[in-house]
1. Could you give the DSSP H helices of the chain that reach 24 angstrom or more along their long axis (alpha carbon positions) and whose average Kyte-Doolittle hydropathy is no lower than 0.5?
2. State whether the chain is rounded, prolate or oblate according to the following rule on the C-alpha gyration tensor (a ≥ b ≥ c being the square roots of its eigenvalues): a/c under 1.5 gives rounded; otherwise a/b larger than b/c gives prolate, and the remaining case gives oblate.
3. Over the C-alpha atoms of segment 47-203, what are the Rg and the largest Cα-to-Cα span, Dmax, in Å?
4. List the trypsin sites (Lys or Arg not before Pro) in segment 381-490 that DSSP assigns to loop (not H, G, I, E or B) and whose Cβ has at most 13 other Cβ atoms within 10 Å. Which are they?
5. Which value, in debye to the nearest 20, describes the size of the charge dipole of the chain about its Cα centre when Lys and Arg Cβ atoms bear +1, Asp and Glu Cβ atoms bear -1, and nothing else is charged?
6. Which net charge results when you count Lys and Arg as +1 and Asp and Glu as -1 among the other residues whose beta-carbon is under 12 Å from that of Thr297?
7. How much net charge surrounds Val453 when only the other residues with a Cβ under 12 Å from the Cβ of Val453 are counted, with Lys and Arg +1 and Asp and Glu -1?
8. Once a ≥ b ≥ c are taken as the square roots of the eigenvalues of the Cα gyration tensor of segment 189-334, is the result rounded (a/c under 1.5), prolate (a/b larger than b/c) or oblate (a/b not larger than b/c)?
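Any read-out appearing in this document is the output of simple, stated calculations on the displayed coordinates, not a laboratory observation. Since we're looking at a predicted model, the values are computed, not measured. Don't worry about glycine lacking a Cβ; one is built from the backbone with ideal geometry, like all the others, and counts go over all protein chains shown.
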Amino acid sequence: MMLAADTITARIAGLLAYDASSPLIFSSGLFLFLFTGFLLFYAALHRTPTARIIYVILFSLYFYYKSSGIYFLLLIFAAASDYLIARGIYRAEKPWTRRLLVLLSVAVNLGMLGYFKYTNFLVDMGNRLFGQGFLEFQNIFLPVGISFFVFQSMSYTIDIYRGQLRPLDRWIDYLFYLSFFPQLVAGPIVRARDFIPQIRSNPVVVTREMFGTGVFLILTGLFKKAVISDFISLNFVDRVFDEPLLYTGFECLMGIYGYALQIYCDFSGYSDMAIGIALLLGFRFPKNFDAPYKSATITEFWRRWHISLSSWLRDYLYISLGGNRKGRVRTYFNLMVTMVLGGLWHGAALRFVLWGGIHGMALALHKLWLSVVPGAKAAGSEMKRGWRIAGIFLTFNLVCFSWLMFRAESMQTVTLMLHQIFFDFNAPVIPQVLTGYTAVFAFIAAGYALHFVPARIDERIRSGVTQAPMVLQVLLMAAMIWSVMQIKSSDIQPFIYFQF
C-alpha cells in the first residue's frame with residue numbers, strides 16, 4: 001500500500017511539475033488523457049457559465065505553466081494591464097488621452113515581447129559593434145507563445161481605440177479570452193472582436209455540426225503533425241540541415257522540399273487541432289490555413305498561409321503605415337517594412353529578416369506586375385490553366401527558397417545547402433537515395449498529394465466524418481491515436497511555432 005501511495009504521489013507531482021524540455025502539447029498522450037477528463041467536467045458545468053469560465057481559465061493557466069513555468073504570471077499581468085487600459089480608453093473623452101492610453105498598451109506589450117525575445121539579439125549586436133564584453137546581460141528564457149498572446153492583447157485595445165469593440169465588464173472574461181488554451185501557445189491569433197462576442201453569448205452550445213467538425217479537425221491535425229511532420233523531420237529533414245556537407249545536392253533540395261511540407265503539416269496540424277478543440281468547447285476560431293502551396297502568386301500565398309498573422313499584420317501594421325493610400329512607392333515601402341517586421345516577429349536573427357525581406361520584395365514586385373501588365377491576376381482562380389500551373393510552380397519554389405532561410409540555424413548552413421544544390425547535385429545517386437529513404441519519400445509524396453487534393457473532395461471527406469454517428473467518430477479518433485503511437489518517435493516533438 002505504501003508503494004502504491006508513493007507511486008500516486010509521484011505521478012501527481014509529475015503532473016504539477018514544470019519541465020521545460022517536455023511542454024504539454026496536443027499530440028502527447030498526457031494532453032489527450034487530461035483533455036478527456038477536462039471535457040467531462042466542462043460538460044457538467046453547462047448550467048453555470050461563470051463557473052465554467054473559471055474552470056477553463058484554471059486549466060489554461062495550468063496548460064501554460066506546463067510550458068513556461070512561473071512565467072504564466074506574465075500572461076496574468078498582460079491580461080490585467082490591457083483590461084484596465086482598455087476601460088480607460090473607452091471612458092476617455094479627449095482624443096489625446098485615448099491616443100496616449102493605446103500607445104501605453106502597445107508599449108507595455110511590445111516591451112514584454114522585446115525584452116524576452118530580442119534582448120540577446122541586441123546585446124550580441126552591441127558586442128559586435130563595440131567589442132566583446134561591452135554588454136554582458138543575457139535573457140536565458142523565452143516564454144512559449146509570447147508573440148501570440150501579445151498580438152491578441154494588442155488587438156483588443158486597438159479595436160476599442162478604433163471604436164470597433166466595447167470593453168468587457170469582467171476581468172475574468174478577458175483573462176478567459178487571452179488564456180484560452182487551444183490557441184494560447186501557437187495560435188491562431190484570435191482577434192478580440194471575433195472571440196469576445198462568443199463569451200457573451202451564454203449558454204455556450206456545442207451543436208452536432210460543431211462536434212463532428214471538431215473531431216475531423218483533430219483527426220487531420222494529429223495525422224499532419226504526429227505522422228507526416230514528425231516522421232520526415234526526424235528521419236530526413238533534420239539530418240540534412242544539421243550536416244548539409246554529408247549529403248548530395250539532390251538530398252539538400254529534397255530536404256528543403258521536405259521542410260516546406262514539415263512546417264506546413266506541423267503548423268496547420270496544430271491550427272486544425274486548436275480549432276477542433278475550441279469547437280468541442282463551443283467556440284469558433286477563424287481558418288488559419290487554406291492549402292497555401294496551391295497559390296499561383298505570392299500575394300495569394302499570404303492569403304492562404306498563417307491567415308491570422310497575415311491579416312493581423314495587414315490591419316494593424318500595413319494599414320497603420322498608410323497601406324496603399326499614399327502612392328505606389330510608399331506602398332512598396334510599406335510592404336517591405338511589414339514583412340521584415342513580420343520576419344523579426346518570428347525570431348531575432350538575420351535569417352528571419354532575410355526571410356521577411358524576400359517575401360516583402362516578392363509582394364512589392366507582384367504589386368508592380370499587377371499595375372503594369374494588362375490582364376495580370378492576383379490569384380490562380382482567375383488565371384487560365386497553363387498560367388496557373390506555371391504560377392504555382394514559381395510561387396512554390398520561391399517560398400521553398402525562403403524556407404531555407406527560415407530553417408537553417410545559420411547563414412553558413414544556407415551557403416552550404418545552396419553550394420551542394422548547384423555544385424554537387426550528383427544526379428546518378430537519385431535512385432539510391434530514393435531506395436534508402438523509401439518511407440520518408442512515401443510520406444512526403446503522400447503529404448503533398450493530400451495537400452493538392454481538390455477542395456470538393458476534401459469537403460466530402462469532412463462532411464462524411466462530421467455527419468457520421470458519434471460512435472464511429474470516437475472509433476476514428478481511437479484508431480488515429482493508435483496509429484500515431486505506432487508511427488511516432490518515442491521523443492515528443494514540440495510544435496515548430498512554440499519558439500515564436
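1. Span-like helices here: 49-68, 72-91, 95-130, 249-280, 328-346, 350-372, 385-407, 470-487.
2. rounded
3. Considering segment 47-203 through its Cα atoms, Rg and Dmax are 17.5, 64 Å.
4. Of the trypsin sites (Lys or Arg not before Pro), the ones in loops of segment 381-490 whose Cβ has at most 13 other Cβ atoms within 10 Å are Lys384.
5. 2040 debye
6. Its environment carries a net charge of +4.
7. +2
8. It comes out oblate by the Cα gyration axes.
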